[in-house]
1. Tell me whether segment B:195-207 contains one or more residues that are in contact with a strand residue (DSSP E or B) (Cβ under 8 Å, 6 or more places away or on another chain) and surrounded by fewer than 24 Cβ atoms within 10 Å (Cβ to Cβ).
2. Mind checking whether some residue in segment B:173-189 is in contact with a helix residue (DSSP H, G or I) (Cβ under 7 Å, 6 or more places away or on another chain), under 27 Å from residue B:34 (Cα atoms) and surrounded by fewer than 24 Cβ atoms within 10 Å (Cβ to Cβ)?
3. Considering segment A:218-233 alone, what residues qualify as being at the interface with chain B (Cβ under 8 Å from one of its Cβ atoms) and touching a residue at least 12 places away in the same chain (Cβ under 8 Å)?
4. Just one of A:42, A:17, A:29 is under 18 Å from residue A:144 (Cα atoms), assigned to a helix (DSSP H, G or I) and either in the same structural domain as residue A:75 (by TED's automatic domain parsing) or free of Cβ contacts under 8 Å to residues at least 12 places away in the same chain (or both); which is it?
5. Does any residue of segment A:164-182 turn out to be more than 18 Å from residue B:213 (Cα to Cα), free of Cβ contacts under 8 Å to residues at least 24 places away in the same chain and assigned by TED's automatic domain parsing to the domain that holds residue A:64?
6. Within segment B:39-73, how many residues are more than 14 Å from chain A (Cβ to nearest Cβ) and surrounded by fewer than 20 Cβ atoms within 10 Å (Cβ to Cβ)?
């Protein structure tokens, strides 16, 4: 398999995905980014060309990977002639069909993970979801995805949207609660450090049991004593207080419902 | 150091703490629980006696560890004559002073972790917070705590309350979002399995960077396109939709404020 890639986008996802593809023996010909320097930085890691002009995107790749912000798809893609090449995007919430206006052969390759440029990640463990507009393209994407991950599934756009929503709950919202926790600690000059083992164990617990079983704390046992103490202590920050109150209610209602 | 312990309570925390103490060379004389079988199960692991009658609690221990639900303190403790022995509780949200009515020598030993009976845990890594009503008792508790954990600090009741609130945000509320995520997946028959690497990486990220820096997702970049798609998809569950909406707003407002 000797697919050559062009990356359209040079953000966190593009960085991790392109480096992994190269590691696994694929050739990355070029990186495009609207910001020339971003394109250059990533291209140097990949021994690839770079450009910030859609008109200069190379024609001789086999697969074009679009890793752009959803809002700039039209602006960028409408300037590129993809011919009959395979064009895939990496977005959880965009349907595959958004690519129809720009290319004949289309698909999606969606790695489910939170990427930061500076953090190394074991890509083999990341679940990768693919979709394509034909059986042939699907087979091609499966073949590529299996080279970079041990967990590859075919999933359509509608399901992928729900997967993305779940990821927002389990990653972005979760991280916001880490932020809120660190704010509560800061109020009493307690270092965030002390929470780290708890945060890790909370995530490790649900690797082995389901999260409903793992639920602990005052809300799930409806311990009004503790809840009221906490609400009172949070009086200095009405926003945090309201958040505490509404999530406690949500936990309580949810578990009452599950036990009915 | 040859302190002998009696455990009053046989729940998750009592189980982990007593086993760790025994491992580290302390003797556990007896376990009390209102449920005889719970007392028995734990006592067998500790080579200890057990009882479900407060009147039968042994007098010859050096330290009595109260690990009861907050709401049953009075009922149980008022039936026990502790003499001048050291009585400590393990509760985040109770002040040390609640023990004043029952004992002369009082303290708190608070390990910050989420405990399940079946999960093994590396106790040495758990931050343990102690408090005592005298310098002498404080020294005794520090000495004990250092035998079971590599991270021991003295912390007063007021600060410990805030620590507990932060733990509720970072553990109990976080787990609720795992639950919500699994519900969203279930709607489309997607196994919870696929989220596990993301959940772990989200927790691992904040081991090294602060959670504000780690925040990603549509809410923090105010990506209305994606947010609106997600809200629309959640139309089938108004409760989940409302939760999605309010946490997204919370993230957005919080980060707007931090950047001002």
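1. Yes, segment B:195-207 has at least one match.
2. No: segment B:173-189 contains no residue that is in contact with a helix residue (DSSP H, G or I) (Cβ under 7 Å, 6 or more places away or on another chain), under 27 Å from residue B:34 (Cα atoms) and surrounded by fewer than 24 Cβ atoms within 10 Å (Cβ to Cβ).
3. Listed by number, the residues that qualify are A:218, A:219, A:220, A:230.
4. A:17
5. no
6. The qualifying residues number 16.
Here's the yes/no breakdown for (1) surrounded by fewer than 17 Cβ atoms within 10 Å (Cβ to Cβ); (2) assigned to a helix (DSSP H, G or I):
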position: A:114; (1), (2): no, no
position: A:117; (1), (2): yes, no
position: A:121; (1), (2): no, no
position: A:136; (1), (2): yes, yes
position: A:144; (1), (2): no, yes
position: A:160; (1), (2): no, yes
position: A:165; (1), (2): no, yes
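For every residue, the table says whether it meets (1) modelled with pLDDT of 95 or more; (2) more than 16 Å from the chain's Cα centre (by Cα); (3) more than 25 Å from residue A:19 (Cβ to Cβ).
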site: A:58; (1), (2), (3): yes, yes, no
site: A:64; (1), (2), (3): yes, yes, no
site: A:70; (1), (2), (3): no, no, no
site: A:74; (1), (2), (3): no, yes, yes
site: A:82; (1), (2), (3): yes, yes, no
site: A:86; (1), (2), (3): yes, yes, no
site: A:95; (1), (2), (3): yes, no, yes
site: A:98; (1), (2), (3): yes, yes, yes
site: A:106; (1), (2), (3): yes, yes, no
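The values are calculated or read from the model by the stated rules, or taken from the named source; none is laboratory data. For clarity, every value in this text was computed on a predicted model and none was experimentally measured. So basically every Cβ, Gly included, is an ideal-geometry build from the backbone, and we count neighbours across all protein chains shown.
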